[in-house]
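In what follows, a structure is listed as structure tokens, so that the remarks can point back to it.
Please treat every number below as a calculation from the coordinates, not as lab data. Keep in mind it's a predicted model, so treat the numbers as computed, not measured. Note that each Cβ is placed from the backbone with ideal geometry, even for glycine, and that neighbours are counted across all protein chains shown.
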Amino acid sequence: MRRKKRSASRTCRSPKPSMRQKVVFSVLTAMLAAGLVGGAYGLFAERGERPSQVAACPAGRGELVTFDRKARSLDELLTMSPEQLGDVDIAEMNLLCATGLPGAEGLDVDGALAVLDRWAAWVKFETDRHLYKFRQDPSNYQDSEGYFRMLMLITVLQQDLGVHYNMERVRQIDFRRSQDLFIHGLTGNDNGGTCVSMPVVYTAVARRLGYPVKLVLTKAHVFCRWDAPTDRFNIEATNAGMNSFPDEYYLAWPEKVSEAEARKNRYLVSLTPAEELASFLASRGHCLIDLGRTKEAFEAYAAANRFAPDHPAYLAWAVDAESRLQPATFAHVQQGFHDPAMVYRDDPMAEVERINAMSQANARRTYSPPRGVPQAPLPPRQNLGLSQPYQPPVPGEPPRP
């Protein structure tokens, strides 16, 4: 009986495959793989597209990038060459340009940069969690993984992390408030930002994820652009959510500008790091001149002109500041290149409401999971050092400081 059991046990073992069987199995496996690839290609061809038509994300695919501090002060930053500025974090440049201004007392640059690092980690987590939506239907996101990633980035920053517009500045900027002009108004408190600061936050977080995002200027407005060799689109996210408009849109909004004027002022051109610094220095100059600190304003405008000599506005503002310092010498020069009461839009709310409706629809289809689709569990917020999401004030209550 024992002998029979041992015999039965032996018969259950799989015999070793012969060399011929191994060869046949390899050939069948290769044929099956080729059939699967061909079927996938046929599926794309049936839909009138090929996989190569989907714009790919740049190298890194959202991997976190670490930036080291390059300058400990604004003076040190201003000694750098345009080539050296290429290695400087855009957020570091922006924050250093805010130092010493009202509203930036006790500004902790390292702390603000750490906040952006944590935000980038959260955006990466949520983007990876929702990436299947792009994989399932790229056409829903302009066949661009970059578009999907930026849509996720902006939605997460706004809905989870409280990045929002300071609605008190919709009709009129107050250049005396540094927290409206620089990103510490977004990273350190509930002040909110403007079109001068919000695109910088989006760009800073995007670059921490390896995305090829740059700043772009038009008349009285700043926006972002995904600027890769195979994929290029504009990013408008000053309002709630994200939209993408062609360059021509910014020739009519927020102010009309001719193509000749756009060329002369280098509007709609992706900025270099030196030009980005120049735009931050100009914001610093606006703040200082409205505070009556004219000499410092002149120095800021002059430095902006040095880093971006092809932008005529910086030289004009420097001349304006110098004319205020030496009124007798510049009596023949018309003052008022910079108007502290500059109104950015004639009727801003009409356009804001239209764009908001489009943006919110974008956010819903991207960030809200479809019913029945299991979602990965969220890590504890405190593990990422995140603050609680921004809560809008209750109607009727006075605005928070």
Roughly how big is segment 249-310's charge dipole about its Cα centre, with Cβ charges of +1 (Lys, Arg) and -1 (Asp, Glu), in debye to the nearest 20? 100
Inter-centroid distance (Cα atoms) of segment 87-119 relative to segment 213-239, Å: 22
When the convex hull of the C-alpha atoms of segment 141-240 is computed, what volume per residue in Å³ does it have? 100
The farthest towards the positive end of the charge dipole of segment 259-306, of the residues Ala278, Ala260, Phe298, given +1 on Cβ of Lys and Arg and -1 on Cβ of Asp and Glu, is Phe298
Neighbourhood charge, 9 Å Cβ-Cβ cut-off, centred on Glu92 and excluding it, Lys, Arg +1 and Asp, Glu -1: +1
Cβ-derived FRET efficiency at R0 41 Å, Asp110 paired with Glu259, nearest 0.05: 0.40
Selection from Asn94, Gln158, Ser73, by position along the positive dipole direction of segment 52-165 (Cβ): Gln158
Would you compute, for the Cα atoms of segment 91-159, the largest minus smallest coordinate along each principal axis and list the three values in descending order, in whole Å? 49, 19, 18
Around Ser270: net Lys/Arg minus Asp/Glu count, Cβ-Cβ under 14 Å: -1
Residue exposure sequence - Trp226, Trp253 - by fewest surrounding Cβ within 10 Å: Trp253, Trp226
For segment 68-199 the translational diffusion coefficient, Stokes-Einstein from a Kirkwood Rh over Cα pairs at 4 °C and viscosity 1.567 mPa s, in µm²/s, is roughly 79
Rounded to the nearest whole Å³, what is the per residue volume of the convex hull around the Cα atoms of segment 205-281? 114
Centre separation in Å (Cα based) which lies between segment 250-264 and segment 125-185: 25
Which links in Lys70/Lys133; Lys70/Lys124; Lys70/Lys214; Lys214/Lys256; Lys70/Lys295; Lys133/Lys214 stretch past 29 Å when you go from one Cα to the other? Lys70/Lys133
